[in-house]
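Asks: I have a structure I would like to understand better, so I am pasting it below and will then ask my questions one at a time.
The values are calculated or read from the model by the stated rules, or taken from the named source; none is laboratory data. Being a predicted model, the structure only gives us computed values, none of them experimental. Glycine also receives a Cβ, built like all others from the backbone with ideal geometry; neighbour counts cover every protein chain displayed. Surface areas here come from the heavy atoms of the whole protein model, side chains and all, with no ligands, DNA or RNA. Shrake-Rupley method; radii C 1.70, N 1.55, O 1.52, S 1.80 Å.
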Protein chains: 2
Amino acid sequence: MGQGRPPTMRDVAEHAGVSVSTVSRVVNAEKYVDPATRATVEASVAALGFLRNESARTLRPGQRTATIALVVEDLTNPFSAELAHGVEIVAAGAGYVVLLLSTGRDARGDRDRVREDEIVGELLRRRVDGVLMVPGAEDREGRYAALAERAPVVFVDRLPRGVRGDVVLLDNTGGSRRLTQLLLDRGHRRIGYVGGDRGSGPGARRHAGFRAALRAAGVREERELLRFNQHSSDEARTATEDLLALAHPPTAVFCDNNRMTVGALLAVHRAGADVVIGGFDAVELAEVLVDRVALATYDPVDVGRQAARLLVERMGGSQAAPRRTTVPVVLAEFGT
Amino acid sequence: MGQGRPPTMRDVAEHAGVSVSTVSRVVNAEKYVDPATRATVEASVAALGFLRNESARTLRPGQRTATIALVVEDLTNPFSAELAHGVEIVAAGAGYVVLLLSTGRDARGDRDRVREDEIVGELLRRRVDGVLMVPGAEDREGRYAALAERAPVVFVDRLPRGVRGDVVLLDNTGGSRRLTQLLLDRGHRRIGYVGGDRGSGPGARRHAGFRAALRAAGVREERELLRFNQHSSDEARTATEDLLALAHPPTAVFCDNNRMTVGALLAVHRAGADVVIGGFDAVELAEVLVDRVALATYDPVDVGRQAARLLVERMGGSQAAPRRTTVPVVLAEFGT
DNA sequence: CTGAAAGCGCTTACAG
DNA sequence: CTGAAAGCGCTTACAG
């Protein structure tokens, strides 16, 4: 494996008896090459198994790396994985390759600042042509803004406070409001809320939609029914168990993302409780849980495709004002 | 965005009043640089926001790209996504960045040969330091073998016929045999089989384990209970419905991967049938389906970690004979 | 400890 | 249509 240096254009040129310039022209499929010369060179390329060194090509100013970076928190979340899939499809179609970077989370469930800095540095050193970023909530250190000054960036799922740029969002507020409305329509008045960070981003919007629906229905939001800052399905399960143990428990529980929904489903199932779950994000096999679930879903693959398309435009040199695309959210109800 | 060329070492050198060589030494944290000089240069680096161009560094022979490629079929499958996560963690820890490439499937559910060739070319042109590949079953065209000659490769989940190399496998045969044994122990004698490709790779091994368990128990494998070549949960659902509609239907169904299991669960659920499902791979919320499911699971993240560790060793120059690592499979039973 | 110079593998005007 | 030459941004012996 890896034995010997790979052949260079110089090797091909010698083998074919032409100059390096000519080899370059053939490899780049330029016009104005004599057909016979072209054939000879192509034969030498094949004979030597020549593959143009992309690092060398890239060195010339104005040449692209044909690489985009996708920065997500954790590929373990189906949202991230499907997003990546959508990105990859569009990227491949447009001639780009995807560099995948995960920020991870620290013990408190927050972004690791140091790791994020490393990632931004890495992208810039590699001169990626563009970046797709699922960002953290804040940009106090100006990390995202600095990145956006040096490379085309499209943000996904949230635009960090204090940053200008393209962003692809979900209809978090609307989806959440309609999902809550559905629960209200089914007669529920005590609705629990199990969610992650409430500060900003998707979590904040989803909670806002929840409140809006309650308000419109003249239902008070009860503090004792709210459980924020859950970061895993295990935590969500415990939080839901707490809710079920209340003297006056909720008859429905709103979950603000898929991990929350999974945890709540388990808690409700174990308790054998007669509680309806309304969850944001898709959860596979929800159909099997008839009579108990309503979901607000969207297509993460499509989010990836749209974001990648926006980025491809930007990399093409578009100087239009920052754009905001919103991917729709649809409700799915299983059972009543 | 992207305004102006990024600063070069030359810019830094001029700003600091030293030579480019000295800047290089400081940036590479070499010894034998006067502390005062180092400080000046570091100040200039910071002032100009200099980030070393990795393409240029890479050009020198012997320099690595610090890039590994991960080639999967489809990130939409949780196995691939978690695998990628494990890979990314080890890669980042070892100073590598991950290039993600998906082969996709064509209409018949097979690998797209053309796309695979493109991918191999892409990796080689980019001079990645190593490749992690979830390969197709065959290597008739010698694609994988050719790749393995030019770069360190670790295969995942299967070693294509006719290729030598490192591989990280699951205990497909053993896990499958034990899962089938469990169904037999519960008294099932008519066990349906819903699976994907039977020809080779994981599918073939899982079927082999199934047969081995039946044989050991003196149970005949009935042709009418076998449903191969299912490629989606929808197809698996239909196949399972077929099984349930037989004059003499199975009392248990063995599913050879997670898509099959999801489809079978839906079919059994819809039919309200009293059928136990034994499935290979994890399926979230299986716990909610108590009394109906046994799963053979393993940790795809761990598969990724192990494969990446093997690759890091190879990239370090290890010339040891090809290695084979097997990740264990554990049974989980829900309900009886 | 530091600098001048060569060279990595390409691309691209510039001549011819 | 083709080649010689310069140059992209680095690293690395080689002197000093």
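Asks: Report yes if residue B:123 is open to solvent by less than 30 Å² (accessible area, probe 1.4 Å), under 19 Å from the mean Cα position of the chain (by Cα) and more than 7 Å from chain A (Cβ to nearest Cβ), otherwise no.
Replies: When the stated conditions are applied, residue B:123 passes them.
Asks: Just to be sure before I move on: is residue A:5 under 40 Å from the mean Cα position of the chain (by Cα) and away from chain B (no Cβ under 14 Å) in the structure I sent?
Replies: On the way: under 40 Å from the mean Cα position of the chain (by Cα): yes; away from chain B (no Cβ under 14 Å): no.
Spelling it out, it is not the case that residue A:5 is under 40 Å from the mean Cα position of the chain (by Cα) and away from chain B (no Cβ under 14 Å).
Asks: If you don't mind, there's one more thing I want to ask. Part of a helix (DSSP H, G or I) and not hydroxyl-bearing (Ser, Thr, Tyr): is that true of residue B:18 in this structure?
Replies: no
Asks: Is at least one residue of the range A:83-99 surrounded by fewer than 22 Cβ atoms within 10 Å (Cβ to Cβ), touching a Gly at 6+ places or on another chain (Cβ under 7 Å) and under 30 Å from residue A:296 (Cβ atoms)?
Replies: Taking every residue of the range A:83-99 in turn, none turns out to be surrounded by fewer than 22 Cβ atoms within 10 Å (Cβ to Cβ), touching a Gly at 6+ places or on another chain (Cβ under 7 Å) and under 30 Å from residue A:296 (Cβ atoms).
Asks: So, one more: Show the residue pairs meeting these rules: Cβ distance below 6 Å; 6+ apart or different chains; first residue within the range B:33-49 and away from DNA strand D (no atom under 14 Å from the Cβ); second residue among the β-branched types (Val, Ile, Thr).
Replies: B:38/B:26
Asks: Something else about it: Please tell me if residue A:36 is farther than 30 Å from residue B:302 by Cβ, more than 9 Å from DNA strand C (Cβ to nearest atom) and either of a type in the set (S, T, N, Q) or open to solvent by less than 30 Å² (accessible area, probe 1.4 Å) (or both).
Replies: Details: farther than 30 Å from residue B:302 by Cβ: yes; more than 9 Å from DNA strand C (Cβ to nearest atom): yes; either of a type in the set (S, T, N, Q) or open to solvent by less than 30 Å² (accessible area, probe 1.4 Å) (or both): no.
No; evaluated as a whole, the condition is false for this residue.
Asks: Out of all the residues in the range A:88-115, which are in contact with a strand residue (DSSP E or B) (Cβ under 8 Å, 6 or more places away or on another chain), more than 9 Å from chain B (Cβ to nearest Cβ) and not polar (S, T, N, Q)?
Replies: Correct list: A:91, A:96, A:105, A:111, A:112.
Asks: Here is a further query. Looking at (1) under 23 Å from residue B:100 (Cα atoms); (2) open to solvent by less than 50 Å² (accessible area, probe 1.4 Å); (3) of a type in the set (A, V, I, L, M, F, W, C), which is the one condition that is false for residue A:137?
Replies: Looking at each condition in turn, residue A:137 falls short on (1).
Asks: Oh, and also: Would you confirm, using the coordinates I've provided, whether residue A:221 is in the same structural domain as residue A:84 (by TED's automatic domain parsing), free of Cβ contacts under 8 Å to residues at least 40 places away in the same chain and open to solvent by 10 Å² or more (accessible area, probe 1.4 Å)?
Replies: Here the answer is no, as residue A:221 does not meet what is asked.
Asks: Where residues in the range B:21-33 are surrounded by 14 or more Cβ atoms within 10 Å (Cβ to Cβ) and within 10 Å of DNA strand C (Cβ to nearest atom), which of them is modelled with the lowest pLDDT?
Replies: Here is the first cut: in the range B:21-33, the ones surrounded by 14 or more Cβ atoms within 10 Å (Cβ to Cβ) are B:22-27, B:33.
Then drop every residue that is not within 10 Å of DNA strand C (Cβ to nearest atom), which leaves B:22-26, B:33.
On the way: B:22: 94, B:23: 94, B:24: 94, B:25: 93, B:26: 93, B:33: 88.
Across the range B:21-33, the extreme among qualifying residues is B:33.
Asks: Does residue B:321 count as within 30 Å of residue B:65 (Cβ to Cβ), surrounded by fewer than 22 Cβ atoms within 10 Å (Cβ to Cβ) and among the hydrophobic types (A, V, I, L, M, F, W, C)?
Replies: yes
Asks: I'd like the residue in the range B:51-66 that is more than 8 Å from chain A (Cβ to nearest Cβ) and touching a residue at least 60 places away in the same chain (Cβ under 8 Å) and, out of all such residues, is nearest to residue A:89 (Cα to Cα).
Replies: Within the range B:51-66, the match that is nearest to residue A:89 (Cα to Cα) is B:66.
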